[in-house]
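Just so it is clear, none of the values below were taken in a lab; they were calculated from the coordinates. What you see is a predicted model, and the numbers here were worked out from it, not measured in a lab. Because the Cβ atoms are built from the backbone with ideal geometry, glycine has one as well, and the counts that use them run over all protein chains shown.
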Amino acid sequence: MNLAIKVIPGAKRDELVGWEENYPGIGRVLRLRIAAPAIENRANKAIEAFLARLLHLPKSTVQITRGSTSSIKLVRLPDGTDTSALHP
């Protein structure tokens, strides 16, 4: 299962903002604020850990597959993942 996310790094705290509908060229994306800065892959690692915590998954099963240097990322989750925790 793939999940499109838009990330704001360097926030005060890790936070699930919510869904944004009709994002240009993509459609529906999940907006996150991440406290880690966007340097040396810190924000990407924090995103994977944050989503794993929210979804009660092992960190190794959440993986950014596209957009590692972009604010829009594609994250791979295990098939059948219950994403109900992503609806604030």
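Could you look through the stretch 5-48, keep only residues that are among the aliphatic types (A, V, I, L, M) and within 15 Å of THR83 (Cα to Cα), and pick out the one that is surrounded by the fewest Cβ atoms within 10 Å (Cβ to Cβ)?
So in the stretch 5-48, the residues among the aliphatic types (A, V, I, L, M) come out as 5, 7-8, 11, 16-17, 26, 29-30, 32, 34-36, 38-39, 43, 46-47.
Then drop every residue that is not within 15 Å of THR83 (Cα to Cα), which leaves 5, 16-17, 29-30, 32.
Values: ILE5: 20, LEU16: 16, VAL17: 14, VAL29: 19, LEU30: 20, LEU32: 25.
So, considering only residues that are among the aliphatic types (A, V, I, L, M) and within 15 Å of THR83 (Cα to Cα), the one surrounded by the fewest Cβ atoms within 10 Å (Cβ to Cβ) is VAL17.
Only one of VAL62, VAL75 is crowded, with 16+ Cβ neighbours inside 10 Å, in contact (Cβ under 8 Å) with a residue 60 or more places away in the chain, touching a helix residue (DSSP H, G or I) at 6+ places or on another chain (Cβ under 9 Å) and not basic (Lys, Arg); which?
On the way: VAL62 fails: in contact (Cβ under 8 Å) with a residue 60 or more places away in the chain.
VAL75 is the lone residue from the list that is crowded, with 16+ Cβ neighbours inside 10 Å, in contact (Cβ under 8 Å) with a residue 60 or more places away in the chain, touching a helix residue (DSSP H, G or I) at 6+ places or on another chain (Cβ under 9 Å) and not basic (Lys, Arg).
Under 7 Å between Cβ atoms, at least 6 apart or on separate chains: pull out the pairs that start in the stretch 39-57 with a residue that is within 17 Å of ARG76 (Cβ to Cβ) and end on any residue that is of a type in the set (A, V, I, L, M) and exposed (fewer than 14 other Cβ atoms within 10 Å of the Cβ).
These pairs meet every condition: LEU54/ALA85; LEU55/ALA85.
With the requirement that a residue be of a type in the set (A, V, I, L, M, F, W, C), assigned to a loop (DSSP other than H, G, I, E, B) and either within 13 Å of the chain's Cα centre (by Cα) or closer than 19 Å to THR61 by Cα (or both), what does the stretch 1-35 give you? Can you show your working first?
In the first step, residues of the stretch 1-35 are kept if they are of a type in the set (A, V, I, L, M, F, W, C); the result is 1, 3-5, 7-8, 11, 16-17, 19, 26, 29-30, 32, 34-35.
Filter once more, so that each one left must be assigned to a loop (DSSP other than H, G, I, E, B): 1, 11, 26, 35.
The answer is MET1, ALA35.
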